[in-house]
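Accompanying notes for the structure given below.
The values are calculated or read from the model by the stated rules, or taken from the named source; none is laboratory data. The structure displayed is predicted, hence computed values, not measured ones. Neighbour counts run over all protein chains shown; Cβ positions are idealised from the backbone, glycine included. Only protein heavy atoms, including side chains, enter the accessible area calculation; ligands, DNA and RNA are left aside. Shrake-Rupley method; radii C 1.70, N 1.55, O 1.52, S 1.80 Å.
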Amino acid sequence: MKVMLTGAGGQLGRELARSVPSGFDLAAFTSGECDIGDASVVSAIVAREKPQLIINAAAYTAVDKAESDVAAAERVNAQGPAHLAAAAARAGARLLHVSTDFVFDGNQGHPWRTEDSPHPLSVYGRTKLAGEAPVLQLGAQGLVLRTSWVYSVFGGNFVKTMLRLMASHPVVRVVADQVGAPTSARGLAEALWCAAGKPALHGLHHWRDAGAASWYDFAVAICEEGVAAGLLQRPVDIVPIQTQDYPTPARRPGYSLLDCTQTWREMELVPAHWRSSLRRMLAELKEING
Ligand SMILES: NC(=O)c1ccc[n+]([C@@H]2O[C@H](COP(=O)([O-])OP(=O)(O)OC[C@H]3O[C@@H](n4cnc5c(N)ncnc54)[C@H](OP(=O)(O)O)[C@@H]3O)[C@@H](O)[C@H]2O)c1
């Protein structure tokens, strides 16, 4: 099956590109090669490549910067998926698109189901929500997979930021009142390839690694596992703080854990616990860093 991948240079894009299952022929495009915000570029590449499936891993992911860079976030996160959906419809291709837990406001005490009403608090969340609609309008040919707190050995992310801070500071303060689930881009890529192999799967889905954590819990695990993996020389003190003590331009949901039970069942995939995914990522990072 001919697959076109956009956003191939990002965390997820790189994980997808290195885990292509047999039976799929991948044509991967970085932002420089296919700007999804440009309708004519998207249209020309889809017409040339004639993919049967398009996977969109491209997004404007700088959550805080988006608050002051609204047009750029809208162009990539809202218009980009619309251009891809239009091109997919013309080519008769299926479109798999990735969205975020930040479409929710976090004001509920149990995991968010796909039926729950979104209410984004940030420009990033609002633009990502807008990008879901054209994909879902494809009906049986469109699939949106919302996910959360993505990290990998590639690119910048919370794990790498924490390792850097922990290597140079004896004390690190981390927000403890935002709860969700860290998700490895590697496992997310596996889920997307699984969805690629299930043509009947469509509509709105949630995917994340198993378990739950606050950013503070995640940081504690990064420290413990980082020391065990030999990436940190010694443990540091990690101090739990409140969101109000760490003001950011974008508001974030307090509780954004996604309920994935239906998707895990439909995909027949057992997700890894986030802590074992973290251990695996750190081992790979250690191998890369030497
Ligand atoms: N990271 C997270 O914590 C998180 C959480 C929930 C959901 N998600 C979603 O998961 C998906 C994958 O995210 P990620 O973590 O892999 O993000 P990422 O590492 O920031 O990668 C995004 C990629 O999109 C590319 N891109 C930006 N603008 C583009 C454009 N106009 N046309 C084509 N490509 C463009 C970027 O290229 P340049 O670097 O060249 O700009 C980058 O390679 C996204 O849909 C994201 O919204 C991520």
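In order along the stretch 52-58, the Karplus-derived 3J(HN,Hα) couplings, from 6.51 cos²θ - 1.76 cosθ + 1.60 at θ = phi - 60°, round to 8, 9, 10, 10, 9, 10, 8 Hz, and Gly and Pro are given as x. The local environment of HIS83, defined by Cβ-Cβ distances under 14 Å, has a net charge of -1 under the rule Lys, Arg +1 and Asp, Glu -1. Taking the C-alpha atoms only, the angle from helix 80-91 to the longest principal axis of the chain is near 30 degrees. Under 30 Å Cα to Cα from LYS128, which lysines show up? Leave out anything in the same chain fewer than 8 places away. Cα-Cα hits under 30 Å: LYS2, LYS50, LYS65, LYS160, LYS198. Candidates TRP112, PRO170, VAL41 compared by Cα position along the dipole of the chain: farthest toward the positive end lies VAL41, with charges placed on Cβ.
Considering helices alone, the calculated mean residue ellipticity of the chain at 222 nm is -11500 deg cm²/dmol, with DSSP H runs of length four and up weighted by -39500 (n - 2.57) and normalised per residue. Shape class of the stretch 1-67 from the Cα gyration tensor (axes a ≥ b ≥ c, square roots of the eigenvalues): oblate, since a/c reaches 1.5 or more and a/b does not exceed b/c.
In a shell of Cβ-Cβ distance under 13 Å around PRO51, excluding PRO51 itself, what net charge do Lys and Arg (+1) and Asp and Glu (-1) give? It would help to have the intermediate numbers written out before the result.
Values: positive: LYS2, ARG48, LYS50, ARG90, ARG94; negative: ASP25, GLU49.
Combined, the nearby Lys, Arg, Asp and Glu give +3.
In the stretch 128-218, taking the dipole from charged Cβ atoms about the Cα centre, the farthest positive-side position among GLY211, GLY155, PRO182 is held by GLY155. Here's how it looks for ALA210: its modeled amide H is under 5 Å from those of ALA272, HIS273, TRP274, which are all 5 or more places away or on a different chain. Restricting the GluC sites (Glu not before Pro) of the stretch 188-284 to loop positions (DSSP other than H, G, I, E, B) with no more than 16 neighbouring Cβ atoms within 10 Å leaves GLU268.
Amide H to amide H distances under 5 Å link VAL174 with VAL239, ILE241, where only residues 5 or more positions off or on other chains count and H is placed in the peptide plane. Solvent exposure of the chain, expressed per residue, is 43 Å² of accessible area, with all protein chains present and a 1.4 angstrom probe. Compute the relative contact order of the chain as a whole-number percentage, counting only Cα pairs closer than 8 Å that sit 6 or more residues apart in sequence. About 20 percent, as a whole number. For the residues ALA27, ALA196, ALA212, a GNM of the chain with alpha-carbon springs under 10 Å puts the largest fluctuation on ALA27. To put it simply, the accessible area of the stretch 163-277 at a 1.4 Å probe is 53 percent carbon and sulfur.
Tell me the net charge near ASP64. Cut-off is 15 Å between Cβ atoms, ASP64 excluded, with +1 for each Lys or Arg and -1 for each Asp or Glu. Net local charge, ASP64 excluded: +3. Could you let me know the centre-to-centre spacing of the stretch 85-144 and the stretch 1-16, using Cα atoms, in angstrom? Cα centres, the stretch 85-144 to the stretch 1-16: 18 Å.
Can you give the angle from 0 to 90° between the axis of helix 215-228 and the longest principal axis of the chain, with both taken from C-alpha atoms, to the nearest 10? That works out to roughly 70 degrees.
Given Cα pairs under 8 Å that are at least 6 residues apart, what percent is the relative contact order of the stretch 55-214?
Numbers: 232 pairs, mean separation 38.8, N = 160.
Over the stretch 55-214, the number comes to 24 percent.
Computed from Cα positions, the angle between helix 39-49 and the longest principal axis of the chain comes to roughly 70 degrees. Scanning residues 5 or more positions from ILE55 or on other chains, those with amide H under 5 Å from its amide H are MET4, LEU5, THR6, LEU96, with H placed 1.01 Å from N in the peptide plane.
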